[in-house]
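Chemist: Following this message is one structure expressed as structure tokens.
The values are calculated or read from the model by the stated rules, or taken from the named source; none is laboratory data. Everything numeric in this text was worked out from a predicted model, so none of it was measured. Here the Cβ positions follow ideal geometry from the backbone for every residue, glycine too, while neighbour counts run over all protein chains shown. For accessibility, only protein heavy atoms count, side chains too; no ligands or nucleic acids. Shrake-Rupley method; radii C 1.70, N 1.55, O 1.52, S 1.80 Å.
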Amino acid sequence: AGPVQVQLVVPMAVVFAPGSVPGDLPRPLPFRDVQEMEISVNLRTSVTSRYEMRYRSTTAQEEAALAAATAREADAALYPLQDTTLGSLTMYVVPETSSLLPQGINVYVGKHRSALLRAGGGLAALQARLREVTQLMSFTATSIAAALSDRVPDGQLGPDARRNLKSSLGYEITFSLLNPDPKSHTVDWDIEGAVNRFVKPVLDKLSLVANFSVDSQILYYAVLGVTPRYDKESSSFLLSAHSLPHVINPVEARLGSSAASLYPVLNFLLYVPERSHSPLYIQDKDGAPVSTNAFHSPRWGGIMVYNVEAPASPQVSLPLHVDVDMARVMEVFLAQLRLLFGLSREEVPPEFLLESPGNEGLADWELDHLLWAHAVENIATVSTTLTSLAQLLDKIGNIVIKDDVASEVYRAVASVQSAVTELSLGHLLAAFQASKEAVTCSERAFFDPSLLHLLYFPDDQKFAIYIPLFLPMAVPILLSLAKIVRETRLRKKEPTKMD
């Protein structure tokens, strides 16, 4: 893969409310400052992050907004006043005694592209806190390493790095209801309503990142690949963590082919256990029940077990009618969707308070987090694709490269260069769109039909095909040639004999 050199620039405003300016500022406000950091990936890939900070005091409007009663109200009031360009951040520093932030909380991260920080200590302490927040809200060394996971030596990545989906131009999401026992349960789920209510707002927000298509299906008599264990104490059935990998394979065979799909498919399965295995609970590695009764599989999707209340009287007529509580189910599936996109919020320090993104499913800065990682990943992917293509064309000597293939390659190269330039200018959206364009062009060139048949048709195969065709005709020709040669030789020898 070709060398990749990227500089990620984050434009930032650090805004001081009255009474929050540290005493040891190097020069009077406003001033600019730059902080750079090297993200080590490997020898052939260098990624530098550069935070371009503008330090200034609050305007009168910002001061009024910060006079709100709660951090959430302040965040909403500040939103119209700030730079909302993708990838940019605004940090509001409030006095140490400010009541905006609850007790014990030093950082409040809003749902847009700004955060409130409690002043405390001098400039060094503030900068350390700023660094923590900016990395959370833009990208961390681990999120960039995970995006470049194909280039990173195996040992250096944490276990979660390969959980995230690879960057793609589109994703297909399939919701499946599995009813293995239709004789006992008729299950109704309002999947259309649930998708419109819970999933659509999230996908609308993610539409910048990729195209999404959603479909759903109900599968009858589809069983899990593992027989659950009966537990006498709780009189319920248990699926233990180590048996979960074996649950998916048999179900997947029934899901319909994802091979026909152009894009990665995300499967979300709702499983209503049969009566003979109800209630069914999932256990974690330590044997404790999983609160959501669900589990997820990296880059594949997730499964949730939905238990049906057993009827009070044994004489009840079957099948039982089950109405699925879609809000409870979708909460789990959306959490799994966030995990698959690498948007989990697990590694947050205790003094941070993160505003919930509400029904949009993800905050603006989380969208940026995704765009940063995908832009870097796309640039690396294109450089790999084009390098492979160049090596391939070197090997095939008699290849004819058509103009349209050449122009796709030129466009891919130009788009990658433009993506790298835009990143170094701090224009995240333009960089991401250029990187997406580069992926499209490089793949079009790589999989062009005019090149494909040459890949599968090397020279030795040509001999194998043509020899049987020409050999029968060649035999008489060769024999008559031999005869002619013999006769001319004889003629040459005859005059010497006459002497």
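Chemist: Which whole-number percentage describes the relative contact order of the chain, with Cα contacts under 8 Å and a sequence gap of 6 or more?
Modeler: Numbers: 766 pairs, mean separation 83.7, N = 499.
With pairs under 8 Å counted, the relative contact order is 17 percent.
Chemist: Under 28 Å Cα-Cα from Lys183, which lysines qualify once same-chain neighbours fewer than 8 residues away are excluded?
Modeler: Once the sequence-local lysines are set aside, what remains near Lys183 is Lys232.
Chemist: Now for a separate question. Among Ser216, Pro468, Ala335, which residue has its Cα furthest toward the positive end of the charge dipole of the chain, with +1 on Lys/Arg Cβ and -1 on Asp/Glu Cβ?
Modeler: Checked the options; the winner is Pro468.
Chemist: Going down the table (Lys462/Lys483; Lys111/Lys200; Lys200/Lys436; Lys166/Lys395; Lys402/Lys462), which pairs top 25 Å between alpha carbons? Write out the running numbers ahead of the final one.
Modeler: Values: Lys462/Lys483 30 Å; Lys111/Lys200 18 Å; Lys200/Lys436 23 Å; Lys166/Lys395 29 Å; Lys402/Lys462 22 Å.
Beyond 25 Å between Cα atoms: Lys462/Lys483; Lys166/Lys395.
Chemist: Run the numbers for Gln461 and Ala60: contour at 0.36 nm per residue of separation, minus the present Cα-Cα distance, in nm.
Modeler: Numbers: separation 401, 0.36 × 401 = 144.36 nm, distance 7.77 nm.
Working it through step by step, the gained length comes to 136.6 nm.
Chemist: While we're looking at this one, here's another question. Quick one: net charge around Arg113, please, counting Lys, Arg +1 and Asp, Glu -1 for every other residue with C-beta under 11 Å from its C-beta. Walk me through the intermediate numbers first.
Modeler: Values: positive: Lys111; negative: Asp75, Asp83, Asp364, Glu366, Asp368.
Residues near Arg113 contribute -4 overall.
Chemist: Roughly how many nanometres apart are two label points built 7 Å out from the Cα toward the Cβ at Ala260 and Arg197?
Modeler: Label-label distance for Ala260 and Arg197, simple model: 3.2 nm.
Chemist: For the chain, what does the alpha-carbon gyration tensor say about shape, rounded, prolate or oblate, given a ≥ b ≥ c as the root eigenvalues, a/c under 1.5 as rounded, and a/b over b/c as prolate? Spell out each step's value before the answer.
Modeler: Details: a/c = 3.14, a/b = 1.40, b/c = 2.25.
Taking the square roots of the gyration eigenvalues as a ≥ b ≥ c, the chain is oblate.
Chemist: Tell me, what HN-Hα J-couplings in whole Hz come from the Karplus equation 6.51 cos²θ - 1.76 cosθ + 1.60 at θ = phi - 60° for each residue of the range 381-395, using x for Gly and Pro?
Modeler: Computed from phi, the couplings for the range 381-395 are 4, 5, 5, 5, 4, 5, 5, 4, 5, 4, 4, 5, 5, 5, 6 Hz.
Chemist: Given N residues in the range 18-149, what is Rg(Cα) / (2.2 N^0.38 Å)? Walk me through the numbers before you get to the answer.
Modeler: Working: Rg = 15.9 Å, N = 132, 2.2 N^0.38 = 14.1 Å.
Ratio of Cα Rg to 2.2 N^0.38 Å: 1.13.
Chemist: Would you please give the FRET efficiency between Thr97 and Glu443, computed as 1/(1 + (r/R0)^6) with r the Cβ-Cβ distance and R0 = 60 Å, to the nearest 0.05?
Modeler: Numbers: r = 56 Å, r/R0 = 0.94.
After rounding, the FRET efficiency stands at 0.60.
Chemist: Loop sites only, by DSSP: take the GluC sites (Glu not before Pro) in the chain that have at most 15 other C-beta atoms within 10 Å and name the longest stretch containing none of them.
Modeler: Working: sites that count: Glu96, Glu233, Glu309, Glu346, Glu347, Glu351.
The longest such stretch corresponds to 352-499.
Chemist: Let me ask another. Mind checking the dipole of the range 1-84: about its Cα centre, +1 per Lys or Arg Cβ, -1 per Asp or Glu Cβ, Debye to the nearest 20? Spell out each step's value before the answer.
Modeler: On the way: 7 positive and 10 negative charges, 50 e Å.
That gives the range 1-84 a dipole magnitude of about 240 debye.
Chemist: Quickly work out the Leu169-to-Thr84 label distance, labels modelled 7 Å from Cα along the C-beta direction, and quote it in nm with one decimal.
Modeler: It is 2.9 nm.
Chemist: Counting only heavy atoms of protein chains, what accessible area per residue, in Å², does the range 1-140 have with a probe of 1.4 Å?
Modeler: Details: 6130 Å² over 140 residues.
Per residue, the range 1-140 has 44 Å² of solvent-accessible surface.
Chemist: Next question, about the same structure. Using the heavy atoms of the protein chains and a 1.4 angstrom probe, tell me the accessible area per residue for the range 170-341 in square angstrom.
Modeler: On the way: 8560 Å² over 172 residues.
Counting only protein heavy atoms, the per-residue value for the range 170-341 is 50 Å².
Chemist: Not counting the cut sites, what is the longest span of the chain without chymotrypsin sites (Phe, Trp or Tyr not before Pro) that DSSP labels loop and that have at most 15 other Cβ atoms within 10 Å? Let's see the in-between values first.
Modeler: Values: sites that count: Tyr221, Phe447, Tyr456.
Between the exposed loop sites, the longest stretch runs 222-446.
Chemist: Something else about it: Please compute the net charge surrounding Gln217, taking Lys and Arg as +1 and Asp and Glu as -1 over other residues with Cβ under 14 Å from its Cβ. Don't skip to the end; give the middle numbers.
Modeler: Working: positive: Arg254; negative: Glu172, Glu192, Asp215, Glu252.
Taking every Cβ under 14 Å from that of Gln217, the sum is -3.
Chemist: Using a 1.4 Å probe on the protein heavy atoms, what percent of the accessible area of the chain belongs to carbon and sulfur? Before the final figure, lay out each step's value.
Modeler: Working: 14510 of 25610 Å².
Roughly 57 percent of what the probe reaches on the chain is carbon or sulfur.
Chemist: Now a separate question. I'd like the trypsin sites (Lys or Arg not before Pro) in the range 35-134 restricted to DSSP loop residues with at most 15 other Cβ atoms within 10 Å, sorted by number. Don't jump to the answer; show the numbers that get you there.
Modeler: Values: sites: Arg44, Arg50, Arg54, Arg56, Arg72, Lys111, Arg113, Arg118, Arg129, Arg131; in loops: Arg44, Lys111, Arg113.
Loop-located and lightly packed - Arg44.
Chemist: Next question. At a Förster radius of 41 Å, what calculated FRET efficiency corresponds to the Cβ-Cβ distance of Thr186 and Leu429, to the nearest 0.05? Walk me through the numbers on the way to the answer.
Modeler: On the way: r = 48 Å, r/R0 = 1.17.
Using R0 = 41 Å, I get an efficiency of 0.30.
Chemist: Taking the Cα centre of the chain as the origin and placing charges on Cβ (Lys, Arg +1; Asp, Glu -1), which of Ile484, Ala17, Phe295 is farthest toward the positive end of the dipole?
Modeler: Toward the positive end, the furthest listed residue is Ile484.
Chemist: Let me ask another. How would you classify the range 211-323 from its alpha-carbon gyration tensor, with a ≥ b ≥ c the square roots of the eigenvalues: rounded for a/c under 1.5, else prolate if a/b is greater than b/c, otherwise oblate? Walk me through the intermediate numbers first.
Modeler: Details: a/c = 2.30, a/b = 1.43, b/c = 1.61.
Oblate shape, in that a/c is at least 1.5 and b/c is the bigger or equal ratio.
Chemist: FRET efficiency for Ser388 and Arg345, Cβ-Cβ distance as r, R0 = 41 Å, nearest 0.05? Kindly include the intermediate steps, with their values, before the conclusion.
Modeler: Working: r = 37 Å, r/R0 = 0.90.
Here the calculated transfer efficiency is 0.65.
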